[in-house]
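Q: Encoded as structure tokens, here's the structure I'll be asking about.
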Amino acid sequence: MQRDHELHKRRRGRNLGVLAVLLGFAALLFIVTIVKMGGNSANPWG
């Protein structure tokens, strides 16, 4: 059985940080898109 090396622990933490930033950016783009569409976002066909 092999234990995680310190480098692997740091790399995993950094990867989780990058994942959080990317998810936050995607959520921000989604929110901006919905706001720019206005009130018609619930019914896109009019």
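Q: Between Arg3 and Val35, what length comes free when the chain is fully extended (0.36 nm per residue of separation minus the Cα-Cα distance, one decimal in nm)? Display every interim value, and only then the final one.
A: Values: separation 32, 0.36 × 32 = 11.52 nm, distance 4.78 nm.
Here the segment from Arg3 to Val35 would lengthen by 6.7 nm.
Q: Same structure again: Where does each of Arg11, Arg3 land when they are ranked from fewest to most other beta-carbon atoms within 10 angstrom?
A: Details: Arg11 12, Arg3 6.
If I rank by nearby Cβ atoms, fewest first, I get Arg3, Arg11.
Every number here is computed from the coordinates shown, using simple stated rules; none is lab data. Not measured: the values here are computed from a predicted model. Cβ atoms come from the backbone with ideal geometry, glycine included; neighbour counts cover every protein chain shown.
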